[in-house]
1. Specify the residue that is modelled with the highest pLDDT; the eligible residues are those in the stretch 39-60 that are within 28 Å of residue 145 (Cβ to Cβ) and either part of a loop (DSSP other than H, G, I, E, B) or of a type in the set (D, E, K, R) (or both).
2. Within the stretch 61-97, which residues are part of a strand (DSSP E or B), of a type outside the set (Asp, Glu) and under 30 Å from residue 187 (Cβ atoms)?
3. Looking only at the stretch 71-88, filter to residues that are crowded, with 16+ Cβ neighbours inside 10 Å and of a type in the set (A, V, I, L, M); which one of those is farthest from the chain's Cα centre (by Cα)?
4. Which pairs do you get when a residue that is farther than 17 Å from residue 141 by Cα, found in the stretch 192-221, comes within reach of a residue that is surrounded by 10 or more Cβ atoms within 10 Å (Cβ to Cβ) and of a type in the set (D, E, K, R), reach meaning Cβ atoms under 9 angstrom, with the pair 6+ apart or on two chains?
5. Hand me the list of strands (runs of 3 or more DSSP E) wholly inside the stretch 125-223 holding 3 or more residues that are more than 22 Å from the chain's Cα centre (by Cα) and exposed (fewer than 10 other Cβ atoms within 10 Å of the Cβ).
6. Criterion first (of a type in the set (A, V, I, L, M), within 24 Å of residue 14 (Cα to Cα) and either in contact (Cβ under 8 Å) with a residue 60 or more places away in the chain or touching a strand residue (DSSP E or B) at 6+ places or on another chain (Cβ under 6 Å) (or both)) does residue 155 satisfy it?
Amino acid sequence: MSTFPGSPRLIKGAIVTLQAPSYNQIESTIAFQYNPDSLSRSLNAEATKESAGAPSPETLLNRTPRETINLKVVIDAIDQLEKGDRTALELGIYPQLSALEVLMYPKSDLVKAANQRTQQGVLEINPLAAPVTLLIWGDKRVLPVRLTGFTVDEAYHDIRLNPIRAEVSLNLQVLTYSDVPWEEQRAKLFFAHQVSKERMAAKANISNVREITGVNVAGRLRG
C-alpha cells in the first residue's frame with residue numbers, strides 16, 4: 001500500500017554510539033521501531049552560595065543542571081514474523097534488545113585484552129569505559145547521554161521462548177560540558193544544544209508584561 005502523498009515523513013528517534021577515542025564518528029545507530037508516546041525529563045540545578053567576601057543571598061550556578069530523561073520503547077517482531085523474516089523467526093527480538101543492553105557493558109574485546117594484560121602482570125588502573133552514546137530526538141535534541149538504567153518487560157515469546165514483544169524503559173543522564181572535557185565532541189554538542197535552547201527561549205519572551213499581568217513591573221523597578 002502506498003503512502004498518501006500528503007502525509008508527513010515520520011522522523012524516528014534513535015540512540016547513536018560514537019567511536020572512541022575522538023568520538024567524532026558514528027559507530028552504530030539504534031533507531032526506535034516506534035517512537036515513545038511520551039518522554040519525561042527532570043532538571044535539577046546545582047548551585048552554591050557565594051562564600052568569598054561578604055555574605056550574599058545570591059546563589060551561583062557553578063555548572064549545568066543535572067538532566068535525566070526517561071522513556072519507554074516498544075519493540076515487537078509481529079510484522080517481521082508475518083513476512084517470514086528469518087532473523088525474527090530464529091531469534092525474535094533478541095538482536096534489538098541486545099543492541100540496547102550492550103550500551104551498559106564495556107566492549108568484550110577490551111575486557112579480554114585487560115584480563116590478558118592482568119595475567120601477564122600488568123596492573124590495570126583505569127576502569128573500562130562504557131560506550132559513548134547520543135540520544136537523537138528530532139533536530140532540536142542531539143544530546144550526549146549515559147544509559148544509567150534499563151528495564152525490560154517481555155510480554156510475548158515464541159515456541160523457542162525467544163521474546164517477540166517487549167517494553168523497554170530507558171533511564172538516561174544527559175552529559176554536558178560540565179561532565180566531559182571541553183575539547184570533546186560531546187561537550188561541543190551539548191553547548192550547541194544550549195545555544196539553540198537560548199535562542200528558542202528568546203522567542204517566548206513577552207514584552208507587554210503590564211497588559212498580561214496587570215502590573216507595571218517596569219515602573220516599580222524604577223522606584
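1. Ranking the qualifying residues of the stretch 39-60, first place goes to 41.
2. Of everything in the stretch 61-97, those that are part of a strand (DSSP E or B), of a type outside the set (Asp, Glu) and under 30 Å from residue 187 (Cβ atoms) turn out to be 61, 66, 68, 69, 70, 71, 72, 73.
3. 88
4. 216/210; 217/210; 218/210; 219/210
5. Of the strands (runs of 3 or more DSSP E) lying wholly inside the stretch 125-223, none has at least 3 residues that are more than 22 Å from the chain's Cα centre (by Cα) and exposed (fewer than 10 other Cβ atoms within 10 Å of the Cβ).
6. So residue 155 passes the test.
Rundown of residues vs (1) hydrophobic (A, V, I, L, M, F, W, C); (2) surrounded by 15 or more Cβ atoms within 10 Å (Cβ to Cβ); (3) out of contact with any strand residue (DSSP E or B) (no Cβ under 9 Å at 6 or more places or on another chain), yes/no style:
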position: 69; (1), (2), (3): yes, yes, no
position: 95; (1), (2), (3): no, no, yes
position: 101; (1), (2), (3): no, no, no
position: 116; (1), (2), (3): no, no, yes
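The values are calculated or read from the model by the stated rules, or taken from the named source; none is laboratory data. None of these values were measured; they are calculated from a predicted model. Positions of Cβ are backbone-derived with ideal geometry, glycine not excepted, and every protein chain shown enters the neighbour counts.
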